[in-house]
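The values are calculated or read from the model by the stated rules, or taken from the named source; none is laboratory data. Values in this document were obtained by computation on a predicted structure and should not be read as measured data. Here the Cβ positions follow ideal geometry from the backbone for every residue, glycine too, while neighbour counts run over all protein chains shown.
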Amino acid sequence: MGSLRYSADRIQPYIKRITMKRIANFLFEAGMLKRTPRSGFQFLGSGAESVAEHIFRTVCIGYTLGHLVKDVDSDKLLRMCLFHDLPEARTGDLNYVNKKYVKADEKKAINDLADTLPFGEDIRATLFEFLEGRTIEAQLAYDADQLEMILALKECKDLGNAYADEWLEFALKRLKTDVARELAATVLETDSSLWWFSDKSDWWIRGKKE
């Protein structure tokens, strides 16, 4: 078995023109999203998640949508889902109440980060395309973001939150693509515990099959 260490000549040439410290800073910045709460749940009254937790399921949804729609650049779609809330490491998460009074300068946050990285142009182009929302990949990434919220709201509804239905009504109106609307309709008619609790057998008594 060969060595897993890479020699200096195997490192991408552009890495040599910057310090690894900038990349380390980027990774620490991304880690801030694990500690940045999704603030809308404060107004909903139940539920809680970090921005990073939200991003994880958004990526899973984007992956799914990429398989349901023809002629989609799935790699670009996944990058958009992965990075769509990256600026919130700098701006924080602003919910719809916050946005009535506070405006985050997302483009400045994107540019300030991108200017420090050797792959910054890729992140900049990905996020600006997402914000413009013109391409099918950007629209699907936007819908993946909204579908993640719809799933979270359905989970809260199933646990008895009386406000979730009203929030769902507005979230559904924000969807841009037919495939997302179809998936959302299925989400709303599916019990959020069905994936693990559909089998009401004696397993839940004995913990083993006969």
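Do you know which of the residues in region 122-136 that are under 15 Å from the mean Cα position of the chain (by Cα) and not β-branched (Val, Ile, Thr) is surrounded by the fewest Cβ atoms within 10 Å (Cβ to Cβ)?
The extreme case among them is Leu131.
With (1) polar (S, T, N, Q); (2) over 30 Å from Lys108 (Cα atoms); (3) part of a helix (DSSP H, G or I) as the list, and Gln139 as the residue in question, which single condition is left unmet?
Unmet condition: (2).
Taking the conditions exactly as written (of a type in the set (Asp, Glu), surrounded by fewer than 17 Cβ atoms within 10 Å (Cβ to Cβ) and in a loop (DSSP other than H, G, I, E, B)), does Asp191 satisfy them or not?
So Asp191 passes the test.
Could you tell me whether any residue of region 75-84 is out of contact with any Pro (no Cβ under 6 Å at 6 or more places or on another chain), within 29 Å of Cys156 (Cα to Cα) and either among the polar types (S, T, N, Q) or not in a helix (DSSP H, G or I) (or both)?
yes
State which residue pairs qualify: first residue more than 22 Å from Glu29 (Cα to Cα) and among the acidic types (Asp, Glu) and inside region 58-87, second residue modelled with pLDDT of 95 or more and not in a helix (DSSP H, G or I) in any location, beta carbons under 9 Å apart, and separation of 6 or more residues or different chains.
Taking only residues 6 or more apart or on different chains, the pairs are Asp73/Thr135.
Six or more apart or on different chains, Cβ atoms under 6 Å: show the pairs whose first residue is in region 170-188 and in contact (Cβ under 8 Å) with a residue 40 or more places away in the chain and in a helix (DSSP H, G or I) and whose second is surrounded by fewer than 19 Cβ atoms within 10 Å (Cβ to Cβ) and among the β-branched types (Val, Ile, Thr).
Final answer for the pair search is Val179/Val69.
Residues being among the aromatic types (Phe, Trp, Tyr) and closer than 30 Å to Leu194 by Cβ: count how many of those fall in region 111-163.
Looking only at that region, the number is 2.
If I ask for residues that are surrounded by fewer than 16 Cβ atoms within 10 Å (Cβ to Cβ) and within 21 Å of the chain's Cα centre (by Cα), which ones from region 163-175 would you list?
Glu169, Phe170, Lys173, Arg174
Inside region 43-57, can you point out the residues that are crowded, with 18+ Cβ neighbours inside 10 Å and free of Cβ contacts under 8 Å to residues at least 60 places away in the same chain?
Scanning region 43-57 gives Val51, Ala52, Ile55.
Residue-by-condition table, conditions (1) surrounded by 14 or more Cβ atoms within 10 Å (Cβ to Cβ); (2) touching a Lys or Arg at 6+ places or on another chain (Cβ under 6 Å); (3) in contact (Cβ under 8 Å) with a residue 40 or more places away in the chain:
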{"residue": "Val97", "(1), (2), (3)": "no, no, yes"}
{"residue": "Asp105", "(1), (2), (3)": "no, no, no"}
{"residue": "Lys108", "(1), (2), (3)": "no, no, no"}
{"residue": "Asn111", "(1), (2), (3)": "yes, no, no"}
{"residue": "Lys154", "(1), (2), (3)": "yes, no, no"}
{"residue": "Asn161", "(1), (2), (3)": "yes, no, yes"}
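Determine which member of the set Lys21, Lys34 is part of a helix (DSSP H, G or I), at negative phi, modelled with pLDDT under 95 and among the basic types (Lys, Arg).
On inspection, the qualifying residue turns out to be Lys21.
Being of a type outside the set (A, V, I, L, M), touching a Phe, Trp or Tyr at 6+ places or on another chain (Cβ under 7 Å) and at pLDDT 95 or above narrows it down to one residue among Thr135, Thr91, Thr126; which is it?
Answer to the check: Thr126.
For region 61-74, name all the residues that are part of a helix (DSSP H, G or I) and surrounded by 16 or more Cβ atoms within 10 Å (Cβ to Cβ).
If the condition is that a residue be part of a helix (DSSP H, G or I) and surrounded by 16 or more Cβ atoms within 10 Å (Cβ to Cβ), then Ile61, Gly62, Leu65, Gly66 are the ones that fit.
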